[in-house]
Amino acid sequence: MKNWMRANKGFVMFLLLFGIFRTAVADWNPIPSASMHPNLLEGDVVFVNRLAYNVKLPLTDIVLGHTGEPQRGDIVTFSSPKDGTRLIKRVMALPGDRVEMRNERLIINGQPADYADAVQAAETIKGLGQLNALQVAETVGRSRPHTIQILPQVQAQRDMAALVVPAGQYLMLGDNRDNSADSRYIGMVPRALLIGRAERVLASADIQGNWLPRTERFGMSLYAQP
């Protein structure tokens, strides 16, 4: 073993530094599901800034300090408080916010979200086939607008009783509102479980079709320009 380590010390050092980089500085996250349609697609690989909110001890989840605060509208990766699965959703309510949902419509701190620019689309759901979808621009308070998708033909939790987000926790929702296991099902997400802020699409391929690269998505920012 010692001889192998001596002969491959360069490779071992590379692996160590690579692990430190991925767990403490930056990471990439493949998108495996439809929960963030239409903004993220299966086969996208997104760049995740792990220093956006926390500095963590390399190769661990131990938080050494905070570098920034999550903002409403941020797309974040985090560990599910339910089972530890890595998820990617959008921050929609912050600590102390009073939030409710009535027939898909968010109301935060007494202010209804604005919905505009409705567009008809189609969504294929395994076992259900192709369904009609409605894509609308959602704006909550002063946050940047982002597109969400609604699937009227799918049974989903479209209402949420009013609640106050506890200190140090966040309400996460998928952009594909009727096909997302988010805070309506897994609960609020503690800050300690946040991994990082997703910034842009690094690469993309049509993994559900012909596997060809979707070059038009390479380098695409996940946030609308002001």
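The values are calculated or read from the model by the stated rules, or taken from the named source; none is laboratory data. Nothing here was measured: the structure is a model prediction, and the numbers come from that model. All Cβ positions, even for glycine, are placed from backbone atoms using ideal geometry, and neighbour counts span all protein chains on display. Only protein heavy atoms, including side chains, enter the accessible area calculation; ligands, DNA and RNA are left aside. Shrake-Rupley method; radii C 1.70, N 1.55, O 1.52, S 1.80 Å.
With θ set to phi - 60°, apply the Karplus curve 6.51 cos²θ - 1.76 cosθ + 1.60 along region 204-212 and write out the HN-Hα couplings as whole Hz, x wherever there is a Gly or Pro.
Using θ = phi - 60°, the values come out as 7, 9, 7, 6, 9, x, 9, 6, 6 Hz.
Tell me the carbon and sulfur percent of the accessible area for the chain, rounded to whole percent, probe radius 1.4 Å.
58 percent
Multiplying the sequence separation of L57 and R158 by 0.36 nm and subtracting their Cα-Cα distance, what value in nm do you get? Don't jump to the answer; show the numbers that get you there.
On the way: separation 101, 0.36 × 101 = 36.36 nm, distance 3.93 nm.
Gain in length upon complete extension: 32.4 nm.
Starting at the first residue of region 125-141, write each ³J(HN,Hα) from the Karplus equation 6.51 cos²θ - 1.76 cosθ + 1.60 with θ = phi - 60°, in whole Hz, x for Gly and Pro.
10, 4, x, 10, x, 7, 10, 6, 10, 10, 10, 9, 8, 9, 10, 10, x
Running a GNM on the chain with Cα contacts under 10 Å, which residue among R184, R90, R200 ends up with the highest mean-square fluctuation?
R184
Starting from the alpha-carbon convex hull of the chain, give the projected area averaged over all orientations, in nm².
Details: hull surface 61.4 nm².
Averaged projected area of the chain's Cα convex hull equals 15.3 nm².
How far, in degrees from 0 to 90, does helix 9-24 lean away from the longest principal axis of the Cα atoms of the chain, to the nearest 10?
30 degrees
With a 1.4 Å probe and every protein chain left in place, work out the accessible area per residue of region 51-139 in Å², rounded to a whole number.
In whole numbers, region 51-139 has 53 Å² accessible per residue.
So how far apart, in nm, are the two label points at R98 and K82 if each is 7 Å from Cα heading toward Cβ?
Using points 7 Å along Cα→Cβ, the separation is 2.8 nm.
When only Cα pairs under 8 Å and 6 or more residues apart are kept, what is the percent relative contact order across region 39-144? Spell out each step's value before the answer.
Details: 131 pairs, mean separation 15.4, N = 106.
The value is 15 percent.
Could you work out how far apart the two model spin labels at D206 and W28 are, taking each label as a point 7 Å from the Cα in the direction of the beta carbon, and quote it in nm?
It is 2.1 nm.
Could you work out which residue, out of T124, T139, T147, moves most in a Gaussian network model of the chain, that is, has the largest mean-square fluctuation with Cα springs under 10 Å?
So, out of T124, T139, T147, the one fluctuating most is T124.
When the chain is fully extended, how far beyond the present Cα-Cα distance does Q120 get from I107, taking 0.36 nm per residue of separation? Could you put the intermediate results ahead of the total?
Numbers: separation 13, 0.36 × 13 = 4.68 nm, distance 2.39 nm.
Taking 0.36 nm per residue and subtracting the Cα distance, the gain is 2.3 nm.
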